[in-house]
Structures are given as C-alpha cells and as structure tokens.
Amino acid sequence: TGKRTAKAALKVADDMVQEGLIVKEQAVCRVDPSALDQLLHPMLDPKAPKEQIASGLAASPGAATGEVAFTADEAEKLAADGHDVILVRTETSPEDIHGMHAAKGILTARGGMTSHAAVVARGMGRPCVSGAGMLKIDAAKGEMVAGANVVKRGDLITIDGATGQVFKGRVPTLQPEFSGDFATLMQWADSMRRLKVRTNADTPKDAETARKFGAEGIGLCRTEHMFFEPGRILAVRQMILADDKSAREAALAKLLPMQRGDFEAIFKAMEGLPVTVRLLDPPLHEFLPQTDAEIADVAHAAGTTPAKLRARAIALHESNPMLGHRGCRLGITFPEIYEMQTRAIFEAALNVEEAGGRPVELEIMIPLVGFESEFDFLKERISAVSGAILKDRGRVPAHLVGTMIELPRAALRAGEIAQSAEFFSFGTNDLTQTTLGVSRDDAGTFLTEYLSKGLIARDPFVSIDRDGVGELVRIAAERGRKSRGNLKLGICGEHGGDPSSIQFCHDVGLDYVSCSPFRVPIARLAAAQAVFTKVNEDS
C-alpha cells in the first residue's frame, strides 16, 4: 500500500475498476473519505518556502493568505476595498458573522473543533485555525504576538486549516480540481449507500454550494444567523429591549418580511428537497452590543438611553448562557418570537409554490426540548399559526413538526416526546456538551492532554463518543420509533461529516446525516463504506 494523494487514490481506484482488477464496491472502500478534503479546497504548495509562527487546531480545511484584521468591522471594510483578509480574534461570536463572511480565513486563540468559529467556517467553506493558544491578541493595540514574532494590523499571514499551521507572509496555494475520477467514484457511492446526506445551510449560497456537492436537502437551517445581518440587527435589538408584548410584536413585525424573504430564497434554491428549519436557539444576550461605543449607537437608533440598554444587558446576563434561557425556553417565555418565525416559514413556502416553484418538503424544528410538555406547548402555537394561515390563504403548506435531541433527558424520555414529535434531529454538538459536562469552546485547553496521555482515543467533539453520547442516541432512536414507527431520524451536529460517526449513524438506523456543505462529498462516500463495514462486522 503506497502513500498517495487523494487525487491519485481516486485515479488508481477508477483505473483498476476499468481494467477489471477490482469491482466498484472495492474501489469505493479503498478511498479515505477524509482525504477528499484535499480536492475541495485550496492547499498550500508543498514546494513553497514557509516560515511557521504558530499552530492550533485544524478546524476547517483549506489555505488562505490575507491582511490581518482584528475586528469584524475591520475585515468587512478591508474586503470591501478589495483586500484579502484573515480575521484574527481571541474567539468569535455570532456578532462577528459579517466579518467572517468578508474574510478569506479565520484564526482564533481560543475554541475547539466545534467552537463558533470552526462550525461557521466549515459551513462557509472558509479555512479556519482555532485554539491557537500561544497567540497573544490585543485588538485595541492592533497586534498579535506569536512567540518572537509581532504581527500588526494589515500584515500578511497565511493559515492552513488542514494542518492548523500559521505562517508569516504569503505562501502560494494550489487550487482544487474536480476530476472525472471524483465524479465517477461519487456516482458509485451514491448507488450503494442507504443513509441520505443533507447539509447545514443558512443562506441560499450555502444551499447552492451543498447541492453542487450532492446534498439531498437541508438538515439544519439556523435562523439566528439571519438575525445578524446589518439591515435587521436593530429590529432584533428593539425586540429584546421591548418592555411589553405589544412593543415586542411591533419589532417582530419589522422582522417578518425579512425572514420570509430569507426562507423564500432558500426554498427556491432547494427545489422541493427537504428543509429542516430550527426556530431561534441562542440566548438573547448574544444579539446585544458589547462595547460602550456600540451601546451608545444602538441606544440612539432604538430611541432609548445607553443606561437603559446597559441595564437590559445586565438583566439578560447568565452565568451559563448555553444552559440557560435559550432554545424552546425562549419560545415559551416569548411565544410571539416563534409565532413570527413560523408565519414567515409558512408564507414563504406558499409564495414559492404559487410562483411556480416546487413544493418544499418542510420540517419545523423546536430546539432544546427536554420535556414533552415543552414540545406540546410550542406545537400548539405552531398549529395556531397554521390555522391562521389556512384562514388567510385558504391552505397551509404540508409540514412536519419535530425537535432537536440535545439533552440527555430528551434522549431518555424520547418515547414520550415522539408521541407528539414527527421527527428527531440529534444535535450532537450540544448533546456531547451536556452528556460529558464539557464546554466545546474550552475543551481545547485540556482535551489535547487527554489524547496525548491515552485517556481518550478521539476528540468527542470530532468523532462521536459511542459509549456515552452514542448510547443516548441509540436509546432515543429505539424509544422514539417504538412510540412512532415512522419517526424520521437524522443527525445535524458536526459529527454528521465525520466518517466514523457516519458509520455509527448507519448502524443505529438513522435516516440521514447532515453536515457542512464542503463535507457533503465526505459524508456520501463514508455512508457508502458504512454499508460494507456493517456487512463485514456481521459476517
């Protein structure tokens, strides 16, 4: 067995089938799915000289060179002026989304493989190096210290998201090539696999990219990413600052046409394929400004005072926000948020169909459910909106209402929840956090020690922890289908693009996996290999 590039492996496998030396099934099993990343992204020229200054986690594959920007606003402005940019942050948050869109690559000092920076970068197809803990970043001063090197705002650096390395200056890259051998192997894999492969996509561009790579639907559309667009963040903040329901509904009325337009564009791009839309999930404090200058600007635009805005931010502060007032808990406290989103989804689906588009296969997902009563409460609100749409438009789009299983209690009580829920989507990023009691953003500081000392075989945020998290998935699948025989089951955490985790999903009997657009080919090949690995294990 010789060492070879992914392109060479594809060529060898294809040629050996054509020459009758092996059959297609053998060819499909001979190519490492993870190696396909080499074919989908730019890579550094292996012959080019390089000066490495730092290293971190290989969070999102690909290579990019750009001028250093320390804030999302800086990145956006530089990109608008025609510059290539690398966004450098201690860690990113949803508020940085516009800068991440503008940047060619992302580098963070903190965060693991499923941190915000890593997950969003993979979804966008941007290279990302996260958890580069040796970096000392001072955004106010406009510089980053990497060992003996001081990198200032505007300096050129190159990042390699496939290896986690950071280099000084510009390093030449090689562009990806989609050869005929690649298409042939994918065609063979698709004819053999049982698992469907969907994508995690929040924009029409993401959806189109994923379809180009063979995605068969959207398994996770995160509506919160739509809220951070510059034209609507003010309305979101007005909604958060509202003192009563009527003021909140007035702000939501401004957001309704924006959300409806977002969904129309995504539904058109998917052309009748299934789309799972997750209702608002993150805690509200993530949408509020952080610095004094931002607070003053937002307060002025919202017609309030900086003191009132600051007081509201303090009131929303939580010690553990990802375990606090988020997900379905937001929908229960402020039902009008989910009602607005549901109306936008239904109206968008009808508008697309009435304009001649194919009817969308629509799935509405309620996040972070732990109790059947939570799901039932919110499903009633969705049904009420459905009834109002039926009265207004004479019909309502066909749809399923289901939930994301991301809490151990939800997995254990899946039989009860499935009495009302029509599908389960396993959010294994959060299910791993809540099962292991480990923050995915902070895990990089100590999980590397666990790996080097042999305490764990794999990073549980990269490859699913089969004995712990996996057991909960298995329990939920069995108990859910016992209550509802036709319960649709999928996975939408980052594990959906990991070959070993895909093997597990096949064995458990899930219907589909969903992953970032650029990981769709990996998932397609891994799903085909899972069929034969299972057969071999049984024999």
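The values are calculated or read from the model by the stated rules, or taken from the named source; none is laboratory data. Predicted model, so just to flag it, every value in this text is computed and none were measured. Here Cβ is always computed from backbone atoms with ideal geometry, including for glycine, and neighbour counts include all displayed protein chains. Areas reflect the complete protein model, heavy atoms only, side chains present, ligands, DNA and RNA absent. Shrake-Rupley method; radii C 1.70, N 1.55, O 1.52, S 1.80 Å.
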Report summary line: Per the helix-only model, the chain has a calculated mean residue ellipticity at 222 nm (DSSP H runs of ≥4, -39500 (n - 2.57) each, divided over all residues, rounded to the nearest 500) of -13500 deg cm²/dmol
Query raised in the report: Within the set 47/141; 205/379; 77/205; 245/391; 7/453, which residue pairs have Cα atoms separated by over 32 Å?
Result: 47/141; 7/453
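May I ask you to order 445-454, 482-491, 84-93 by the average number of other C-beta atoms within 10 Å around their residues, highest value first?
84-93, 482-491, 445-454
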Query - Förster radius 30 Å - calculated FRET efficiency between residue 163 and residue 377 (Cβ-Cβ, nearest 0.05) - result: 0.05
Report task. Calculate how many DSSP beta bridges within the chain are antiparallel, expressed in % of all such bridges and rounded to the nearest 5. Result -> 40
**Report entry** Extended-chain gain in nm, criterion 0.36 nm per residue less alpha-carbon gap, residue 8 and residue 500
**Finding:** 174.8 nm
Report summary line: Which residues qualify? For residue 196, with a placed amide H closer than 5 Å and at least 5 residues away or on another chain, they are 512, 513
Report summary line: With all protein chains present, the chain has a carbon and sulfur share of its accessible area (1.4 Å probe) in percent of 51
Query raised in the report: residue 296 to residue 250: FRET efficiency via 1/(1 + (r/R0)^6), r the Cβ-Cβ distance, R0 22 Å, to the nearest 0.05?
Result: 0.45
Query raised in the report: What accessible area per residue comes out for the chain, rounded to a whole number of Å², with a 1.4 Å probe?
Result: 41
Query - Rounded to whole Hz, the Karplus (6.51, -1.76, 1.60) HN-Hα couplings of the range 504-513, x for glycine and proline - result: 4, 4, 5, 5, 6, x, 5, 8, 7, 10
Report task. Estimate the FRET efficiency between residue 398 and residue 95 by the formula 1/(1 + (r/R0)^6), using the beta-carbon distance for r and 22 Å for R0, to the nearest 0.05. Result -> 0.05
Query raised in the report: Which ³J(HN,Hα) values in Hz, rounded to whole numbers, follow from the phi angles of the range 346-355 under the Karplus curve 6.51 cos²θ - 1.76 cosθ + 1.60, where θ = phi - 60° and Gly and Pro get x?
Result: 5, 5, 5, 4, 5, 4, 5, 5, 5, 8
Query raised in the report: Any idea how far apart residue 138 and residue 319 come out in nm if each label point goes 7 Å out from Cα toward Cβ?
Result: 3.4
Query raised in the report: Under 13 Å from a point 7 Å along the Cα-to-Cβ line of residue 511: which residues of the range 189-214 have their amide N that close?
Result: 195-198
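So between residue 391 and residue 451, what do we pick up on full extension, going 0.36 nm a residue minus the alpha carbon distance? Before the final figure, lay out each step's value.
Numbers: separation 60, 0.36 × 60 = 21.60 nm, distance 5.81 nm.
So the extension gain works out to 15.8 nm.
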